[in-house]
Each structure stands twice: as C-alpha cells, then as structure tokens.
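Q: There's a structure below that I have some questions on.
Since every read-out is calculated from the coordinates, none of them should be taken as a lab result. Bear in mind the structure is a predicted one, so any value in this text is a computation, not a measurement. Methodologically, a virtual Cβ is constructed for each residue, glycine included, from the backbone with ideal geometry; neighbour enumeration extends over all protein chains shown.
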Amino acid sequence: MRSLIVLAVVFWASSLEAQDRKPLKEVVKEAQDRCVIVKTLNNQGSGVIIEKNRVLVPFHLLEFNSPVFVDDMPAKILAISTVSDLVLLEVETKNFSRPLFGKVEPSNTIFYVGSPLGLRCAVVFGQVIKVDNLLYTSAIPQTGFSGSAVWLLNGDMVGFMTMMRGDKSIGGWFSVAVLGWNVLEFLKENQEDR
C-alpha cells in the first residue's frame with residue numbers, strides 16, 4: 001500500500017511539473033524570435049538577442065576595419081572576449097528579457113537556431129555528448145550556425161555555438177559551444193548600470 005501511495009505522489013508531482021512547462025513549439029518559436037543574422041563585409045553568421053538592444057555574436061565572425069550589421073542594421077561593439085569567442089553588440093532589437101541559463105548534462109536533448117547560408121532561423125536538434133570546459137553536441141553543424149544559442153527543451157539557454165569539429169575520417173562532425181554559465185559570466189562582467 002505504501003508503495004502505491006509513493007507511486008501516486010510521484011506521478012502527481014511529475015504531472016504538475018509537465019503542466020508548468022511551455023509546449024516545445026512555443027519554446028522553439030521564442031528561440032527563433034531571438035535569432036538574428038550577423039554580417040560583416042566578408043562574413044555572415046548567426047547571433048542571439050540576449051536582452052533588449054543586446055545581441056551576442058561570435059568573435060571569429062568579426063573582421064578588422066569592417067562594420068558589423070545585425071539584420072541589416074549597424075551595430076556597435078560593447079564588449080569582446082577573444083578567449084571565449086564572444087562579442088556583445090548594441091543594436092535596436094525586440095524587447096526580450098535575459099534568458100534563463102540552465103544546467104546541462106551529457107544525454108540532454110538540445111536544439112539551436114541559426115542562419116546557415118542566410119537561411120533565416122533554421123532549427124537543429126541534437127544530444128549533448130560531452131561537457132567539460134566546453135559543450136559538445138551531436139547537432140549537425142553547418143557554416144553559419146556559429147553564434148546560435150544552444151537551448152534545452154524547457155527554454156533554458158545552456159550554450160553558445162562557436163565551432164564545428166570532425167571530418168570524414170572519423171565519420172562525422174559535432175558542434176562545440178561555450179557553456180551557458182561562461183556566457184552569463186561574460187554578460188555580468190560587461191553589464192552596464194541601467
């Protein structure tokens with residue numbers, strides 16, 4: 001009898017937890033709404049709206065003496081981390097608050113939204129395959145996805161895609177991202193008093 005009561009409580013708690021979650025379709029739509037196309041004179045990639053008028057892009061996308069455009073609007077560089085491959089830009093955006101940053105573990109299902117080859121806000125799903133100082137995922141990378149936020153299915157941001165690794169000799173490619181906590185630390189270090 002006691003095990004039936006415990007089972008009923010666990011089932012009830014998990015059903016309440018499921019009711020609190022947004023449907024995946026809404027989570028993906030919000031991530032797509034945060035996605036932007038970033039261009040310099042010779043490069044193009046993705047970026048993510050972190051909060052109103054603040055966009056995160058990869059450092060490797062920038063070029064010396066080249067303007068940066070976000071969705072064809074000129075952007076101003078606010079902060080750079082060459083070590084983490086992060087750049088914070090100021091540009092007029094939609095009004096978003098900062099996303100929640102979640103904890104990620106191997107085997108978590110993730111997705112990212114980016115603009116490979118100018119294909120606006122494409123969605124790719126995958127699994128976390130390793131977490132150390134970086135986040136490694138099975139999501140199939142393409143040129144132009146650099147600068148995509150990595151999201152858990154609950155809508156928490158857990159990383160920022162910066163590169164792809166692999167080749168035909170090992171049978172494929174995988175994505176590498178800066179961990180969400182490192183992104184959050186970068187944002188805190190460069191937060192303006194508002």
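Q: Rounded to the nearest 5, what is the percent of antiparallel bridges among the DSSP beta bridges in the stretch 78-167?
A: If we restrict to bridges inside the stretch 78-167, about 95 percent are antiparallel.
Q: For the stretch 118-132, just list the computed ³J(HN,Hα) in residue order, Karplus coefficients 6.51, -1.76 and 1.60, θ = phi - 60°, integers in Hz, with x standing in for Gly and Pro.
A: Listing the rounded values in order: x, 6, 5, 6, 6, 10, 10, 9, x, 10, 6, 9, 6, 10, 9 Hz.
Q: Take the Cβ-Cβ distance between Asn65 and Met163 as r, set R0 to 22 Å, and report the resulting FRET efficiency rounded to the nearest 0.05.
A: It comes to 0.40.
Q: Taking amide H positions as placed 1.01 Å from N in the peptide plane, with prolines and chain starts having none, which residues 5 or more places from Lys52, or on another chain, fall under 5 Å of its amide H?
A: Answer set, sorted by chain and number: Phe96.
Q: Moving on to the next point. Under 16 Å from a label point 7 Å along Cα→Cβ of Arg120: give me every residue in the stretch 29-70 with its amide N that close.
A: Within reach of a label on Arg120, which here means backbone N under 16 Å from a point 7 Å along Cα→Cβ, the stretch 29-70 contributes 29-39, 45-49, 70.
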